[in-house]
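Step one of this worksheet: look at the structure below.
The values are calculated or read from the model by the stated rules, or taken from the named source; none is laboratory data. The structure presented is a predicted model; accordingly, all values stated were derived computationally and were not measured. Cβ placement follows ideal geometry from the backbone for every residue including glycine, while neighbour counts extend to all protein chains displayed.
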């Protein structure tokens, strides 16, 4: 059963009562909220997700509304993970952004049975391509473009690797475009489903893009990585891709992971093996068509 | 006295004291169990129990991965704690003092069963008060820093507390809590720390010592019933249970030594609560008449009240259905923990300060940066 197979009324009641359980990659998330505008946004953006009402959920999250302390006429929202509040309250318009951040945080702090790299991941012809990068390097924007141009989306944020089988697991989540990227994507991909723009968040204006339906449907199909490309978006730059050494790639990847250190030797061996089996590059770009040409060239060479 | 536990608390305690019963748990039982165990820092412990009892293959896969994740986190934190201790000993190498490891790190060094599954975030050490200033300045020279504290908090630690403000090395994140006695200076308990150092036991690494077994047990009880607010502290009561089981098997006279020592340190009442609730909740095999050796013991009314409150606070609330009675119990014990820690003329301004700060924190929208 997929979210868009049930009427909104039923969807809303689940959020209100026993909780809506959706499968997001390898995890099930149980969501509660009584805040109707959020229910409406979720109904639209989560439409392709598989429901998992009878399964175990790893994460139990809730968005509650409360009166603002400063201005009693205003309402705020708060994110709760198992009843605990990991960060403060936010204006109610930001409910969706807060929920999505909260779920990311929950994954980042709790999951240690998988290696969590900080990386966007897409797949083509059975090979995963990693785009590890710091926040602000444009990985979400790049991912949005690629996943709507023939690549399958794994994640714009988490490189989720099974450290024993060396497989990457898809975890297609809403992609939060920030600031200028929103207009860029609206222009480049006018056909895609995008949530409303949410201004004044901690990361500026955010608008969420729904992952393509195919990416969600196939989210149980894992893949081995073949390329690791460290992207950097620089306005007006000439697109350029250059190979980097394994050791440099290793340091960049390991120092930008969520739980590499926690996994100890397991993490080290997994990353070493990953680097060994991939070709590693640095990419500077400003034009998406250039990037796609380069990627297709890389793929045709092998 | 009988124990009256809610459904979800029973489920948690059953899993802990009789892991074989876990084979009867449904998927939704498991889901709730994991949430409860995580809340009271017992996910790592649960993982050890499941493995030890050969139940790993019977656990639903989504549960197994959460158990694994919990244990990986525990192991990482323990490694960080051991490394921090190593660095502290290195920094104090030339300084002749006596350092006693406390709590989690001590249980690991003493090889207490299940210590490998204990979630220990901070490194706790006890040093002689006379050496405290020297130790603090040596560590500061070698890179440890205090977190930025308000003037009020600074004073709280310096004047009233049994520890100095936490230290963190600039290159690392593990918090080091350096204690000079076991209970706040403002509390009515006056513990003769000299006796603890005299009885302390050296470890393989000569520079670090452990409290003697009876002192370790007593400190565990003091920490739970005197220093903490008891809310969600089930892990600490389980520590006490583990210590009691382990030491009583090793030494035939353990129970006599324990009660004598508690009387000598004038911590009998707290030890009484420790034995009482450990036996009540975890079925610790405490010999029948042993509690009668403790003097003084809590009166009937006091014990009746604690009996109503303690389990409600120790066990986690149901994450989806918190009850008012449990919240009330926690609030009463919160007040109690402060009342026994400090006299009213300090306590009232302290609680007012804490409340004001909480309101200020809540009204300032937020300072955290979620990813």
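Things to note:
- Out of B:104, B:70, one residue alone is more than 14 Å from every other protein chain (Cβ to nearest Cβ), at pLDDT 95 or above and buried (at least 18 other Cβ atoms within 10 Å of the Cβ). It is B:104.
- Residues in region B:6-54 that are over 19 Å from residue B:284 (Cα atoms) and surrounded by fewer than 17 Cβ atoms within 10 Å (Cβ to Cβ): B:7, B:23, B:24, B:26, B:27, B:28, B:29, B:51, B:52, B:53, B:54.
- The residue of region A:158-210 that is modelled with the highest pLDDT, among those that are surrounded by fewer than 16 Cβ atoms within 10 Å (Cβ to Cβ) and under 19 Å from residue A:253 (Cα atoms), is A:162.
- Residues that are within 14 Å of chain A (Cβ to nearest Cβ) and either at pLDDT below 90 or surrounded by fewer than 23 Cβ atoms within 10 Å (Cβ to Cβ) (or both), drawn from region B:312-326: B:317, B:318, B:319, B:320, B:321, B:322, B:323, B:326
- Flag not set for residue B:299, criterion: within 24 Å of the chain's Cα centre (by Cα) and away from chain A (no Cβ under 14 Å).
- Unmet requirement for residue B:174, which otherwise passes all of (1) closer than 26 Å to residue B:245 by Cβ; (2) in contact (Cβ under 8 Å) with a residue 60 or more places away in the chain; (3) under 19 Å from the mean Cα position of the chain (by Cα): (1)
- Restricting attention to region B:1-58, the residues that are within 14 Å of another protein chain (Cβ to nearest Cβ), more than 23 Å from residue A:111 (Cβ to Cβ) and either in contact with a helix residue (DSSP H, G or I) (Cβ under 8 Å, 6 or more places away or on another chain) or assigned to a helix (DSSP H, G or I) (or both) total 1.
- Any hit, region B:83-98, residues being closer than 23 Å to residue B:237 by Cα and either buried (at least 19 other Cβ atoms within 10 Å of the Cβ) or away from chain A (no Cβ under 14 Å) (or both): no
- Selection from region A:93-128 of residues that are more than 10 Å from chain B (Cβ to nearest Cβ), within 11 Å of the chain's Cα centre (by Cα) and closer than 18 Å to residue A:206 by Cβ: A:103, A:120
- Residue match in region B:196-218 (condition: within 22 Å of residue B:17 (Cβ to Cβ), without any contact (Cβ under 8 Å) to a residue 60 or more places away in the chain and within 19 Å of the chain's Cα centre (by Cα)): yes
Here's the yes/no breakdown for (1) at pLDDT 95 or above; (2) under 30 Å from residue A:225 (Cα atoms):
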| site | (1), (2) |
| --- | --- |
| A:2 | yes, yes |
| A:34 | yes, no |
| A:62 | yes, no |
| A:83 | no, no |
| A:91 | no, no |
| A:115 | yes, yes |
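- Pairs meeting the criteria (first residue in region A:1-12 and closer than 17 Å to residue A:55 by Cβ, second residue part of a loop (DSSP other than H, G, I, E, B), beta carbons under 6 Å, at least 6 apart or on different chains) are A:3/A:46; A:3/A:47; A:3/A:49.
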